[in-house]
Amino acid sequence: MFISNKIQKGLKNQLNRELESSQLYLSMASWVEHEYGGFEGICNFLYDHSDEERRHMLKLIRYINKRGGYADIFFDNNHINNKTTYGSLKELFQKLFEHEKKISSEINLLVELSLKEKDYFTYNFLQWFVEEQIEEETLSKTILDKIQLIGENKGCLYLLDRDIKNFQKK
Ligand code: OFO
């Protein structure tokens, strides 16, 4: 095995976090589709985000296995607040932003561990996740800021939904 047990444990823990993120965004997307049927921008953004998180999980699985470990999938879903309804879009995006911040701090800890273990391959692998978290935190904060500005004004939310349709990650 090219990765230490500690690194493997950390990466496996992270793949579960990515799976939880995917499930969280899936449940958020479904709620928006149900409550705000016409808001395709926000709804598709959340469904896409859920798919993206699943791809992050796959990235971790493939890396662990490639480095001689075994990414046995252990479903441990107790880390997220399993809400299926929200008081408002603002509350939903607040949760989403908080969640991304939590994931970022977990990635930070993993990076720290890779340095401590002198595993520069994993350190290098994790840089992709660091970049991704910067993008995701920025994007979710931007959306939250806009929603905070708008409040529950339906007309403005409609325009925001149209903007989100055009949001593209650089
Ligand atoms: Fe996996 O990128 Fe956000 O959480």
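We did not get these values from a lab; they are worked out from the coordinates using the rules stated. The model shown is predicted, which means the values in this text are computed figures rather than measured ones. We place every Cβ from the backbone using ideal geometry, glycine too, and count neighbours over all the protein chains shown.
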**Report entry** Value of [θ]222 nm, deg cm²/dmol, for the chain, DSSP H segments ≥ 4, -39500 (n - 2.57) each, nearest 500
**Finding:** -27000 deg cm²/dmol
Report task. Please order ARG162, ARG54 by the number of other Cβ within 10 Å, starting at the fewest. Result -> ARG162, ARG54
Query raised in the report: Once the principal axes of the Cα atoms of region 5-164 are found, what is the range along each, listed largest first in whole angstroms?
Result: 53, 25, 21
Report summary line: From the cross-link list LYS9/LYS165; LYS90/LYS116; LYS102/LYS146, the entries with a Cα-Cα span beyond 31 Å are LYS9/LYS165; LYS90/LYS116
Query raised in the report: In the structure displayed, which of LYS6/LYS101; LYS66/LYS101; LYS66/LYS141; LYS12/LYS95; LYS6/LYS59 lie more than 26 Å apart, Cα to Cα?
Result: LYS66/LYS101; LYS66/LYS141
Requested in this report: Write down, largest first, the equivalent ellipsoid semi-axes of region 105-170 in whole Å, where each equals the square root of 5 times an eigenvalue of the alpha-carbon gyration tensor.
Outcome: 37, 12, 5
